[in-house]
Every structure is written in C-alpha cells, then in structure tokens.
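Only one structure is covered here, and it is reproduced in the block below.
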Amino acid sequence: MNRRRSWAAVSAIAATAVVLAACSGTDTDSGTDSGTDATSKSGFDAAITSVVNPSDAKGGIIQMAHSDVWDSLDPGNTYYAYSWNFVRLYGRALVMFKPAVGDASTELVPDLAESLGKSSDGGKTWTYTLRKGVKFEDGTPITSKDVKYAVERSLDKGVLPNGPTYFNDILVGAAGYSPYKDGAKGLPSIETPDDSTIVFKLKTAFSGFDYYAMLPSTIPVPQAKDTGTKYQQKVISSGPYKFAENKLGGKFTLVRNDQWSQETDPNRKALPDGFEVNQKVDPSDIDARLLDGSLDLHVEGTGVTSATQGKLLADPAVKANADATPLARLWYMTMNSDVAPFDKIECRKAVMFAADKVGFQTAYGGPLAGGEIATNLMPPIVPGAEKFDTFPTPNNSGDVTKAKEQLTACGQPNGFETNVSYRPERPKEKAAAESLQQSLGKVGIKLTLKPYPGGDYFALYAGNPAFAKKNKLGLSMMGWAADWPDGFGFLSQIVDSRVIRDAGNTNLGVKDPAVDALIDKALANTDLASQQKDWVAVDKKVMEGAWILPGVWGKALQYRNPALTNVGVNNGVQGYDFTLLGKKS
C-alpha cells in the first residue's frame, strides 16, 4: 500500500521537537560534556544520571554480544534503537544526539554538518554545510553528493525495506523515486550546489527537520561503491571506526579508521581501539559472560534474562554494576484486522479484557527490572503523555466475564484460534507470548506461537502484510522505542495506517481513518501544550479501537562490565551511549 500523510502544517510537531531540544540542556556546544560530576562512581542506577568511571584513557577492545542478527548494518536500511546507537561508531549523519547523559542527551548537535540546519522559504527549504576535511575510510573526501545519494537510496523500500520512511513522505517528488531504477537522474528536491552544501526541498514547512537530518539515512554513501542489498557486507566508513571483519550473522569487528580526524569531529573521543560483536549468542550465555567479565555489554540493551535478574539484584556487589534504565519504550501486542476475526472490534476487545498483564510484566522481569504495567501507549517519560485505562480489569489480571461477553458480541462465543508471532531470540518476548497464551486460553482463544527471526521480523514476516495475512498472524508481539522523545516520534510509525507499505512495516495492524485524522490534527497544531493533548487523543483513539494490547512501559536491567569507562545512558539513543565508551587497560 502506498503510504500517504497529510503534511499540512507538519511544522507544528517539529516546533515541539525544537522546543524539547532547546530545553534539554544549557550547554549548546557540540562537545561531549555530560553535564555531570567528573568524579562520579559506580553504583546501582548510577549511569542513568551520570557518567560512570570517567576517563580519557585510550586503548582496549570492547566486547559485545547480540542474541540475534542485525536487521542490517547498512545505515540506510536499519531501524532498531541499538543499531542507530551503534552506527554512530562508523557513520556520521548530518546531525546527532549529543553524546551525553541525562537531559543533555536529547539535544541535537551538528555532526557531519558544521551547524544545525538553516531554514528558508518559511521552513520548506533546509540547508546544511558539511565540515571541511572529512573523509571516507579510503581517503576520498566526503561531499554533499554522497549525502544526497545516501538519502536517495534509502527511499527505495523494495531494495532497503527496513529503514524509516520519513524522507519518502516529506521530500518533494520522493514518491516512487529510486536511484536504482532512475539511473543517473537525481532527485530534484535534494540540491548540491557545491561539494559542501546540501539543500532539501520539502512539501510543506517543517521546523523540526533537524530530527530527519539525525537519521542514519543521511550518513554518506559513495555511489560508486554502493551494492544495494549487499552494501551492508562492506559499508564504507565515515566515522572513527571501520569494519575489519564482517561475517553476516556471525562476528564482526570494528578497528580504528586512520582517515578519521578528531579535528573534524568534536563529538567523539574514540577511546577504544576497536569493538568486537558476536551475533546469535544465546541470551543465557550473554548473561554468564557479562557476569564473569569476558563480555562488556549486551548490544541490544534489552537487559538480562529473567533467570539472571534475581541473581543480579540479590548480590550488592554485582548490583552496583547495573542500571534499571527507564525507557521511552513500550512492549506490547498488535492485533491485525486483516486476519479474521480481528476485523471485528468486539473480538479485539475480548483479547483486551482476557489478557493478564501481571503475567506480561512478570515475563519482562517484574516492576523493577521489567517496567510498569502499561494501560495505554505513550510511556510516562514522553513529554505530555497521560496515563489512562480504557479496558480496566481487576488487579490487571484479566476479566473472564467481560471477555466472554465480547466474544459473544463478535459471534465467537466459544472462542477462536489464531497465531501470534514473536522473535525467538528475545526470551522475554516469548515468555510474554506464552503468558498471553495461558490467559487468553481461559476464555477459549487458542494461540499458536509462531517464531520468526528478529533480523527479518519486519521485512519478511510480521511487518510484511501479505505474509502476515497468508499465515494468519492475528497477533504480533512487538516493542517500540520513540524515534525521538515526543508524541510524533513515538506514535506515528506504529499507529498511522498510511505508513503501511508492502514490507518493512512497524505498524503491524492499526488501520483506523479516525486515528489518521487525529494525527493530522496534532500536526496542524502550533501550540505546544495543546498539541501534546492532541497526541493523548491519538493514544486514546487507538485504545478505544482495541488495536493494541499495551503490556509494559519498559525498563531494561542492564549490566555493565566494571572494566568499562565513560558509561552513561543517553536518552536520545535509548541506551548506553556507545560513542562515549572506553575500557580500562
């Protein structure tokens, strides 16, 4: 399905974003000042508000592990929060979230560009000037044409299905454009008047375009070395590290990029000598290696397994190296109206009433390690979010009577069978699906669990509408972190029906014109306080339609190897900031 959005007065949400960025910290330079006491020491939750083990010492290799595989290492084809964090080690976007901890970390600062964007034409034209002297790993100077091509290639969702689609919607003439199909014909709405200047022409005014300039899609790609779907096998670095080894689905390593210069990069200190990442490692093995010190970090940032949580919290010495990080993240389950009987709202409501959310929370680690039971979509830490409960049940444990009433109303008095998708590499997601299997089974809704690999979950399986319908994926387990911390950054990509394409979707089933209309209303509102209430109205409309079963507003109980230095949680990238890290020798 073609994705369309009414971009009239999109500048309203962008205005919110600009206000948030401006209020995020008092330090407006682009350095790596954390705004915290340089003498901060380790302790439970210490990295949430300060930098743990501050040091400028260089050297060492940081060891990371991943329970699955990347959706893609290609900057133009990736959409996981941890990947957007990690890509900043080998790629430089026009703009980035400030490498910092706490409030300052949601501030946007220039990266590849000399400054944040300069707007003209009432906010419909945005211009960036590239820093001088920045090079690719082969020594070739990076030009504005490399950034233009990077954005252009990201528009082709047939070739690169995983990345966000913001540029597809806002650039003039972007619909249907592909450099792979259109050959040498460039997109006219991206201009490069010289090698240092790039100009974006928008359909309508958008005062928060710097958030788009922050996307990995703006990391430069040399057209002559682009290999389309295979580019992730040999990404050409523009950052302080480059790939020395890259076995897709296995191990990859980053080493220093000798063409990177600190003089051209005020944001990164590049302290470690490199990074080693092993993929498809069993989560229990990851936990064991974290605790024995042979592993530094779990790259996904989803936290230790349930089996490890108790051990970690019970030992004060071990707990001192952990953080129960609050996130702008929701763990939830989507209901797909393309799969009967979820085309009937009463059948969706039956699920809402039958679900035991305490079991869902327990699957993610309980209130301390997993997070707060969610009764609606937007996490409380999103500015303007409100808590409400459209489908209350006793003690959040389900209401069999009300669920059966809804089943009768939807013509399924004895219940029905459906499939639920999940990512098997995420044991908490599987445990949550199993918990729902039990609670929904009490009212006759029989769930069959269907595991699909996380690396292709959105491109080929749950996020592929044809596959989901053919395989009767009526329910899909899901987690979502805000692309940036406001109502638009959290909601738009998971509830707007116009974002749904043939593949690579993160909206796994919400199709409600009334929701779309409320999104447009929020976008058209120029008053910040009023606009935030509009996003609450979107949240309420989705809940009224019983499209999504919210489970947990996430926390991640993460363990950090005490050998690491400069460890801190960046709220912009939703996890430990990889660009800050160092390691004791």
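The values are calculated or read from the model by the stated rules, or taken from the named source; none is laboratory data. Remember, predicted model here, so these are calculated numbers, not experimental data. Quick reminder, even Gly has a Cβ in these numbers, built from the backbone with ideal geometry, and neighbours come from all protein chains shown. Please note that ligands, DNA and RNA were not included when accessible areas were found on the heavy atoms of the full protein model with its side chains. Shrake-Rupley method; radii C 1.70, N 1.55, O 1.52, S 1.80 Å.
Descriptive notes on the structure:
- Residue within the stretch 500-508 that is open to solvent by 10 Å² or more (accessible area, probe 1.4 Å), assigned to a loop (DSSP other than H, G, I, E, B), touching a Phe, Trp or Tyr at 6+ places or on another chain (Cβ under 6 Å) and of a type in the set (Gly, Ala, Ser) present: yes
- Filter pass, LYS540 being basic (Lys, Arg), on the phi > 0 side of the Ramachandran plot, out of contact with any helix residue (DSSP H, G or I) (no Cβ under 6 Å at 6 or more places or on another chain) and touching a residue at least 40 places away in the same chain (Cβ under 8 Å): no
- Filter result for ALA468 (assigned to a helix (DSSP H, G or I), more than 18 Å from the chain's Cα centre (by Cα) and closer than 30 Å to THR408 by Cβ): yes
- Applying the condition of being over 26 Å from SER50 (Cβ atoms), touching a Lys or Arg at 6+ places or on another chain (Cβ under 6 Å) and buried (at least 19 other Cβ atoms within 10 Å of the Cβ) to the stretch 326-346 and asking which residue is modelled with the lowest pLDDT yields SER337.
- Checking the stated criteria, LYS118 turns out to be free of Cβ contacts under 8 Å to residues at least 24 places away in the same chain and in contact with a strand residue (DSSP E or B) (Cβ under 6 Å, 6 or more places away or on another chain).
- Scan of the stretch 310-325 for residues that are in a helix (DSSP H, G or I) and open to solvent by less than 10 Å² (accessible area, probe 1.4 Å), ordered by number: LEU312
- Under the condition of being touching a Phe, Trp or Tyr at 6+ places or on another chain (Cβ under 7 Å) and in a loop (DSSP other than H, G, I, E, B), the residues counted in the stretch 108-124 number 1.
- Filter result for VAL552 (touching a strand residue (DSSP E or B) at 6+ places or on another chain (Cβ under 9 Å), in a loop (DSSP other than H, G, I, E, B), of a type outside the set (Gly, Ala, Ser) and open to solvent by less than 10 Å² (accessible area, probe 1.4 Å)): no
- Evaluation of LYS349 against the conditions (1) under 19 Å from LEU508 (Cα atoms); (2) assigned to a loop (DSSP other than H, G, I, E, B); (3) open to solvent by 20 Å² or more (accessible area, probe 1.4 Å) shows that the sole unmet condition is (2).
- Residue ID - surrounded by the fewest Cβ atoms within 10 Å (Cβ to Cβ), chosen from residues in the stretch 425-452 that are modelled with pLDDT of 95 or more and part of a loop (DSSP other than H, G, I, E, B): LYS442
- Test: residue in the stretch 122-137 that is among the aromatic types (Phe, Trp, Tyr), farther than 13 Å from VAL221 by Cα, at pLDDT 95 or above and buried (at least 23 other Cβ atoms within 10 Å of the Cβ): yes
- Look at the stretch 553-572: where a residue is on the phi > 0 side of the Ramachandran plot and a partner is open to solvent by less than 10 Å² (accessible area, probe 1.4 Å) and in a strand (DSSP E or B), sitting 6+ places away or on another chain with Cβ atoms under 9 Å, you get ASN566/VAL52; ASN566/GLY582.
- All conditions in (1) aliphatic (A, V, I, L, M); (2) over 23 Å from the mean Cα position of the chain (by Cα); (3) surrounded by fewer than 21 Cβ atoms within 10 Å (Cβ to Cβ) hold for LEU460, with the sole exception of (2).
- Hey, GLN406 modelled with pLDDT of 95 or more and in contact with a Lys or Arg (Cβ under 8 Å, 6 or more places away or on another chain) or not: yes
- Of the residues making up the stretch 52-80, just one is acidic (Asp, Glu) and surrounded by 24 or more Cβ atoms within 10 Å (Cβ to Cβ), namely ASP74.
- Any hit, the stretch 476-485, residues being outside any strand (DSSP E or B), farther than 27 Å from HIS66 by Cβ and in contact (Cβ under 8 Å) with a residue 40 or more places away in the chain: no
- Meeting the requirement of 3 or more residues that are in contact with a Lys or Arg (Cβ under 7 Å, 6 or more places away or on another chain), hydrophobic (A, V, I, L, M, F, W, C) and surrounded by fewer than 23 Cβ atoms within 10 Å (Cβ to Cβ), no strands (runs of 3 or more DSSP E) wholly within the stretch 139-248 can be named.
- Single residue of ALA529, ALA537, ALA517 found to be open to solvent by 40 Å² or more (accessible area, probe 1.4 Å), among the small types (Gly, Ala, Ser) and modelled with pLDDT of 95 or more: ALA517
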